[in-house]
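Written below as structure tokens is the structure these notes are about.
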């Protein structure tokens, strides 16, 4: 397949995955706020940190209140990672490769972009938010289903999954990082009862709660949640699963030696990880390593194929 | 009861569906009675369903404006189809095949023996002054002697019902994807009408196109590598380029995806390295095709493409230089061209055309400028024309000056009373002018689309059907009434 086309497919998948995960993040934070007592200092700032966009955010807004953060993350054209910009970028990439992807998938991408534009500001009110964001999550799930159910298992499909899992892995690592490292320690002492709710929130932002219960069969606690989200193959949004999928994609692609070398480094980090001995600080460090590893793979893919 | 045929006025024009007050043409009887049975609410529902389908399917075209740059607009579509009886269509089809066959012989002759110039049928200076004549193509013999592999001829009908060819588009005619998508929209919106009528299908066009392109391959391989070369997503017809590539399962490429090596072979850059290309369906104008030969600053083309084509290592559709016959002055000679090469009388008529290059005809045009449609020789898309009867005095005077300054560049035609068809305006059917663009494919043999793209001027009284200037479109039904 054409190098240029492979590049567009890869980015289309990344942007779609980014839009979905951002929507998940906001969705769960909104719900969490409803469950926690007023005295808990949980706000919207961690979301800004999860996405490493602090600087850009404060250049545009004075404080990290709910409306500002949501506007910034969903509809703000100044934030290159806002949902609306991600969807626009996904659509633009899809438009260029619309002869490669199934036409139903293109229709869906086109549709969700129009829909998100039409929803506009209504996402700022909690009453409409759930619906607006759910549409975005469902749209990407629909697209995933459409391409999975109708696309040839060829290079194009491998690049699509490669983009998807690199992005998903990155987003999942960010969600774990901020939710566990910066927020919870201060919480645990004062509100031990709510620590659970926090971890349930982490699981729910990844649609992982139900699967966690089935797989771990334990009360929600830090170690098991981290074990589930970092190390278990079975859950399709876990770091381990995404890493495994990246490997499978690379095996399918031609001339992937250089990228595979890069991949081994990431794979080793994830394999060596022992949750039971992991302190908050070392967790944060490992997640930084994972993100750097993902970036290196991205650069290697860029060099090898695009 | 929203559409009342008793209130539908056809005026002095030939109407495609309605014969006279309250009298549908034979092929339109069922359609008209079906439409009459719809309530306002039904009509609104159909209209919304059609526009939703167009929106969701992402059927767009791009318009350039100075203020806003390029923008994507939803494809304008009217839900009332245009109907043509199969018996009439078969005659038109024969005429188109004859015409395109002769045009290809003409182009091949111009770039080789130039018999027609020697015989004095077409004056030589027409050729020398043609912007689209490419001396670089002299002596080239493309496969099957075909240069214009894809031709879009615009047909119109006058007040007496006679069909004329208004122009032939031999460079990179567009619109065929809209013909195909219009049918998809209609099937989504009016599935019940497709049971009532025996409507001939249109969707084999991409396969026909693919087969024709395969015939141009320089290599004898089972599956030649075919690509569609597009200027990119900001081109007004990009939707179509992507659509056709998708339907044919061909790669859609931009210039930078291709390269020509010293071996004069065209390659594309893939994730596995360079891979040979056999046939290019190019949707880029000649001037931008190869910066080594034409515009050297063209970013759209492929350096070395002409070398590869002349060496016979790649098939190009349409061939460079085919546009020489896509010239409004050459148009005026087409009936003579058909007689010269085929020794036959033209089956389809030309609109009577005055060539401003001849003094008598020029004087007549200038004298009757308020009755004339004046066209520049080498423009398309309805740009740079004068519609005499609708123009202001200043506009007419400007064109008289333009004609005097460069007579070779202008032809004029009497204002035709274009036919109309019922078109949904609000929730009423009103008469609007239209034309028809069938597409003719030429390779080893010639095939014609079943019908074509019907374009309709949405503004009352207007005859400008170009989508870039407010035109819309209709699905075109060729119906087999004998099967009823």
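Every number here is computed from the coordinates shown, using simple stated rules; none is lab data. If you're wondering where the values come from, they're calculated on a predicted model, not measured in any experiment. Neighbour counts are summed over all protein chains in view; Cβ atoms, including those assigned to glycine, are modelled from backbone coordinates with ideal geometry.
Need one number: nm distance between label points at residue A:281 and residue A:207, each 7 Å from Cα along Cα→Cβ, rounded to one decimal.
Simple spin-label model gives 3.8 nm for this pair.
Based on the mean of other Cβ atoms within 10 Å per residue, sort peptides B:347-355, B:324-332, A:263-271 so the most packed one is first.
Values: B:347-355: 17.9, B:324-332: 24.7, A:263-271: 16.2.
Ranked by mean Cβ neighbours within 10 Å, highest first: B:324-332, B:347-355, A:263-271.
Can you tell me the FRET efficiency between residue A:251 and residue B:466 if r is taken as the Cβ-Cβ distance and R0 is 51 Å, rounded to the nearest 0.05?
On the way: r = 51 Å, r/R0 = 1.01.
Plugging the Cβ-Cβ distance into 1/(1 + (r/R0)^6) gives 0.50.
For every helix of n ≥ 4 consecutive DSSP H residues, a contribution of -39,500 (n - 2.57) applies; sum these over the protein assembly as shown, divide by its total residues, and give [θ] at 222 nm rounded to the nearest 500 deg cm²/dmol.
It lands at -14500 deg cm²/dmol.
How much of the DSSP bridge set in chain B is antiparallel, in percent, rounded to the nearest 5?
The antiparallel proportion sits near 75 percent.
What are the radius of gyration and Dmax of the range B:170-244, computed over its Cα atoms and given in Å?
15.8, 47
Indicate, rounded to the nearest 5 percent, the antiparallel portion of the DSSP beta bridges found entirely in the protein assembly as shown. Numbers along the way, then the final one.
Values: 53 of 72 bridges.
Beta bridges within the protein assembly as shown, antiparallel portion: roughly 75 percent.
Extension gain residue A:78-residue A:274, at 0.36 nm per residue separation less the Cα-Cα distance, in nm?
66.6 nm
To the nearest whole number, what is the average tally of beta carbon atoms from other chains within 10 Å of the beta carbons of peptide A:111-118? List each step's numbers first, then the result.
On the way: counts 5, 0, 1, 3, 0, 0, 0, 0.
The per-residue average across the peptide is 1.
How much length is gained on full extension from residue A:59 to residue A:121, taking 0.36 nm per residue of separation minus their Cα-Cα distance?
Computed gain between residue A:59 and residue A:121 is 20.2 nm.
For chain A, calculate the relative contact order in percent as a whole number, restricting contacts to Cα pairs under 8 Å that are 6 or more residues apart.
Working: 367 pairs, mean separation 69.7, N = 306.
That works out to 23 percent.
Could you give the radius of gyration (one decimal) and Dmax (whole number) of the Cα atoms in chain B, in Å?
Radius of gyration, then largest Cα-Cα span, for chain B: 22.8, 70 Å.
With chain A treated as a Gaussian network of Cα nodes joined by springs under 10 Å, which of A:34, A:166, A:206 yields the largest mean-square fluctuation?
Largest GNM mean-square fluctuation: A:34.
Could you sort B:296-303, B:399-406 so that the peptide with the highest average Cβ count within 10 Å comes first and the rest follow in order?
So the peptides B:296-303, B:399-406, ranked by packing, come out B:296-303, B:399-406.
Find how many whole Å separate the alpha carbon centroid of the range B:237-255 from the alpha carbon centroid of the range B:105-145.
31 Å
Relative contact order (percent) for chain B, with alpha-carbon contacts under 8 angstrom and 6 or more residues of separation?
On the way: 971 pairs, mean separation 113.6, N = 484.
Worked out over chain B, it gives 23 percent.
Which whole number gives the average count of other chain Cβ atoms within 10 Å of the Cβ atoms across peptide B:49-56? Walk me through the numbers before you get to the answer.
Numbers: counts 0, 0, 0, 1, 1, 0, 4, 7.
Partner Cβ neighbours, averaged per residue: 2.
Would you kindly calculate the mean projected area, averaged across all directions, of the convex hull enclosing the Cα atoms of the range A:3-305, in square nanometres?
Projected area, direction-averaged: 15.3 nm².
Relative contact order for the range B:352-414 using alpha-carbon pairs under 8 Å, separation at least 6, rounded to a whole percent? Mind showing how you got there, number by number?
On the way: 92 pairs, mean separation 30.8, N = 63.
This gives 49 percent for the range B:352-414.
Let's test the formula: R0 of 30 Å, r as the Cβ-Cβ distance of residue B:444 and residue A:103. What FRET efficiency results, to the nearest 0.05?
Working from the Cβ atoms, E equals 0.45.
Could you tell me the distance between the Cα centroids of the range A:89-168 and the range A:1-51, to the nearest Å?
Measuring centre to centre over Cα atoms gives 14 Å.
I'm a student and want to see the number: the projected area of the Cα convex hull of the range B:352-414, averaged over all directions, in nm².
3.8 nm²
Can you divide the C-alpha Rg of the protein assembly as shown by 2.2 N^0.38 Å and report the result to two decimal places?
1.13
How far is helix B:86-110 tilted off the main Cα axis of chain B, in degrees rounded to 10, range 0 to 90?
That works out to roughly 20 degrees.
Take every residue in peptide A:95-103, count the Cβ atoms of other chains within 10 Å of its Cβ, and give the average of those counts. Could you put the intermediate results ahead of the total?
On the way: counts 7, 7, 3, 9, 13, 5, 1, 1, 5.
The mean count of partner-chain Cβ atoms within 10 Å per residue comes to 6.
By average Cβ neighbour count within 10 Å, what is the ranking of B:100-107, A:77-84 from highest down?
Order by mean packing, descending: B:100-107, A:77-84.
For labels at residue B:49 and residue B:207 in the simple 7 Å Cα→Cβ model, what's the distance in nm?
Here the answer is 2.8 nm between the modelled labels.
If you line up the long axis of helix B:205-214 against the longest principal axis of chain B, both from Cα atoms, how many degrees apart are they, to the nearest 10?
Relative to chain B, helix B:205-214 is tipped by roughly 10 degrees.
Between residue B:364 and residue B:73, with labels modelled 7 Å along Cα→Cβ, what's the label distance in nm to one decimal, could you check?
About 3.7 nm, to one decimal.
Nearest 0.05, what FRET efficiency do residue A:233 and residue B:220 give at R0 = 60 Å with Cβ-Cβ as r? Spell out each step's value before the answer.
Numbers: r = 50 Å, r/R0 = 0.83.
Efficiency computed from Cβ-Cβ geometry: 0.75.
In degrees, nearest 10, range 0 to 90: what is the angle between the Cα axis of helix B:238-248 and the longest Cα principal axis of chain B?
Approximately 80 degrees, to the nearest ten.
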